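A.B. asks: A single structure is presented below for examination.
The values are calculated or read from the model by the stated rules, or taken from the named source; none is laboratory data. All of these numbers come straight from a predicted model, not from anything done at the bench. Using ideal geometry, Cβ is built from the backbone for each residue, glycine included, and neighbour counts are taken over all protein chains shown.
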Ligand code: ADP
Ligand code: ASP
Ligand code: MG
């Protein structure tokens with residue numbers, strides 16, 4: 001009865017130490033319907049591996065490896081029978097050592113992915129051991145045998161058909177009705193050569209939704225360090241309120257505009273297969289959480305506020321634009337040529353302003369590429385400004401409802417560099433200086449959600 005299966009995913013803080021892992025065990029052990037368990041790397045490990053993968057000198061490598069060892073052995077040393085798993089983790093650490101030596105000579109994306117994937121490999125090995133010690137029937141599965149990808153090694157593209165064809169590798173393990181599968185989020189193997197790739201930072205949520213789709217699960221549970229999706233990041237606004245029930249569309253908007261609680265791609269498999277997603281706090285499962293489903297009754301006008309940091313603003317002004325056709329296509333052809341990813345766009349008769357996300361554009365360097373700027377300068381005067389944040393007010397029916405403009409009144413005291421409204425029914429974006437972002441969010445939140 002595959003429709004009764006649940007996939008549960010635990011993020012980095014949920015598997016950060018022994019006690020946190022024990023909470024995860026208690027959650028999955030209490031629910032016989034949880035059949036597949038997806039883990040992130042223990043908190044901090046992926047960042048350390050990313051540093052190693054970038055290539056660094058011998059002393060730095062030693063320092064980073066010791067930090068990784070400490071995180072993992074702090075967990076292992078609390079196990080009842082640590083010897084066997086200690087040997088496995090030592091072997092992983094030796095592997096990371098030799099790969100990062102190679103990376104220090106010349107790194108590349110495939111090598112980096114092979115290094116970074118060890119975070120999830122180690123956390124799942126340890127957790128499998130912990131579950132067995134606690135008397136739970138579990139099977140370790142290497143996610144690279146299931147999630148097949150192509151393209152870029154650091155943000156690989158899932159080949160859905162090839163991946164779905166691997167369903168039997170999971171279902172055969174849980175067929176006895178009592179076994180749970182423990183596997184990794186974030187990692188995959190490339191379809192052509194079978195090399196390791198990863199799905200992009202925060203990608204374990206996406207893996208969880210994919211596994212849910214693969215086994216035709218009835219629900220996907222994302223366990224993290226907050227008890228659901230809030231009206232805004234509760235780390236910024238202590239008064240943020242939990243959203244009990246939100247639609248896929250609204251949750252996707254929140255995620256796309258920076259709500260880290262859910263990886264933007266997570267929603268894709270869940271929507272495709274109409275699998276409800278639950279988000280809860282692994283340290284406090286009794287607090288309940290947010291349900292994300294296809295639709296909700298009476299969606300509110302304003303749902304939440306999200307924020308994308310590290311934004312640049314590029315403006316091109318030219319009188320040549322006035323009354324002529326084809327100007328914008330020339331601009332966008334140049335962006336296509338240099339693989340520049342564009343976010344928000346506003347235009348006037350003689351100028352165009354575009355926000356650019358550093359992460360999507362692989363850092364600030366691409367945006368300052370002299371060849372790109374030279375080509376754009378042939379069209380007009382080019383200006384690039386950095387240190388902005390894009391704040392998105394997420395809602396419903398925003399282009400057809402009264403009162404939307406007055407929502408922004410509260411921002412009177414902040415200099416707003418750009419406003420984008422009208423393209424989407426679901427968001428209004430304002431671009432502000434990075435150091436003003438948190439205060440802007442607080443004001444907007446107080447006005448719209450704390451009345
Ligand atoms: P995990 O490691 O479990 O994947 P993340 O750090 O990726 O966890 O996501 C959880 C974090 O998302 C929270 O600690 C919170 O600070 C942040 N976050 C951002 N926006 C929101 C929001 N609207 N609601 C809840 N959490 C949010
Ligand atoms: N461990 C990976 C990261 O830190 C993937 C994840 O946690 O979702 O980005
Ligand atoms: Mg995450």
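A.B. asks: Answer with yes or no whether residue 246 is part of a strand (DSSP E or B), within 12 Å of ligand 3 (Cβ to nearest atom) and either crowded, with 22+ Cβ neighbours inside 10 Å or modelled with pLDDT of 95 or more (or both). Break it down into steps so the answer makes sense when it comes.
C.D. replies: Details: part of a strand (DSSP E or B): yes; within 12 Å of ligand 3 (Cβ to nearest atom): no; either crowded, with 22+ Cβ neighbours inside 10 Å or modelled with pLDDT of 95 or more (or both): yes.
Answer is no for this residue.
A.B. asks: Hey, could you check region 256-273 for residues that are closer than 18 Å to residue 357 by Cβ and assigned to a loop (DSSP other than H, G, I, E, B) and say which is nearest to ligand 2 (Cβ to nearest atom)?
C.D. replies: 263
A.B. asks: Given the condition closer than 20 Å to residue 206 by Cα and away from ligand 1 (no atom under 16 Å from the Cβ), answer yes or no: does some residue in region 246-269 qualify? Break it down into steps so the answer makes sense when it comes.
C.D. replies: Residues of region 246-269 closer than 20 Å to residue 206 by Cα: 246-269.
When the remaining residues are screened for being away from ligand 1 (no atom under 16 Å from the Cβ), the result is 268-269.
Yes, there is a match, as at least one residue in region 246-269 is closer than 20 Å to residue 206 by Cα and away from ligand 1 (no atom under 16 Å from the Cβ).
A.B. asks: Tally the residues that are under 22 Å from residue 116 (Cα atoms) and surrounded by fewer than 24 Cβ atoms within 10 Å (Cβ to Cβ), restricting the search to region 22-44.
C.D. replies: Within region 22-44, residues that are under 22 Å from residue 116 (Cα atoms) and surrounded by fewer than 24 Cβ atoms within 10 Å (Cβ to Cβ) number 2.
A.B. asks: Might you let me know whether region 47-68 holds any residue that is within 10 Å of ligand 2 (Cβ to nearest atom) and in contact (Cβ under 8 Å) with a residue 40 or more places away in the chain?
C.D. replies: Yes, the conditions are met somewhere in region 47-68.
A.B. asks: Okay, moving on. For residues that are in a helix (DSSP H, G or I) and either more than 16 Å from ligand 1 (Cβ to nearest atom) or within 14 Å of residue 204 (Cβ to Cβ) (or both), tally how many sit in region 30-48.
C.D. replies: Of the residues in region 30-48, 3 are in a helix (DSSP H, G or I) and either more than 16 Å from ligand 1 (Cβ to nearest atom) or within 14 Å of residue 204 (Cβ to Cβ) (or both).
A.B. asks: A follow-up question, please. For residues that are part of a helix (DSSP H, G or I) and either within 16 Å of ligand 2 (Cβ to nearest atom) or out of contact with any helix residue (DSSP H, G or I) (no Cβ under 7 Å at 6 or more places or on another chain) (or both), tally how many sit in region 207-240. Walk me through it before giving the result.
C.D. replies: Narrowing region 207-240 to residues part of a helix (DSSP H, G or I): 207-214.
Now restrict to residues that are either within 16 Å of ligand 2 (Cβ to nearest atom) or out of contact with any helix residue (DSSP H, G or I) (no Cβ under 7 Å at 6 or more places or on another chain) (or both): 207-212.
Residues meeting the conditions: 6.
A.B. asks: So is residue 323 at pLDDT below 95 and within 13 Å of ligand 1 (Cβ to nearest atom) or not? So that I can check it myself, show each step before the final result.
C.D. replies: Numbers: at pLDDT below 95: yes; within 13 Å of ligand 1 (Cβ to nearest atom): no.
In short, no.
A.B. asks: Let me ask you something else. Pull up region 417-430, narrow it to residues that are under 25 Å from residue 246 (Cβ atoms) and in contact with a strand residue (DSSP E or B) (Cβ under 8 Å, 6 or more places away or on another chain), then point me to the one that is modelled with the lowest pLDDT.
C.D. replies: Within region 417-430, the match that is modelled with the lowest pLDDT is 421.
A.B. asks: Follow-up question, since we're still on this one. Quick check: anything in region 58-81 more than 15 Å from ligand 1 (Cβ to nearest atom) and within 30 Å of residue 216 (Cβ to Cβ)?
C.D. replies: Pass one, region 58-81, residues more than 15 Å from ligand 1 (Cβ to nearest atom): 58-70, 72-81.
Now narrow it down to the ones that are within 30 Å of residue 216 (Cβ to Cβ): none.
No - not one qualifying residue is present in region 58-81.
A.B. asks: Right, here's the next one. Tell me, yes or no, whether region 15-29 has at least one residue that is under 16 Å from the mean Cα position of the chain (by Cα), within 16 Å of ligand 2 (Cβ to nearest atom) and part of a helix (DSSP H, G or I).
C.D. replies: Taking region 15-29 and keeping what is under 16 Å from the mean Cα position of the chain (by Cα), we get none.
The answer is no, given that none of the residues of region 15-29 is under 16 Å from the mean Cα position of the chain (by Cα), within 16 Å of ligand 2 (Cβ to nearest atom) and part of a helix (DSSP H, G or I).
A.B. asks: A follow-up question, please. Among the candidates 84, 101, 90, 63, which residue alone is over 23 Å from residue 207 (Cβ atoms) and either modelled with pLDDT under 95 or within 16 Å of ligand 3 (Cβ to nearest atom) (or both)?
C.D. replies: 84
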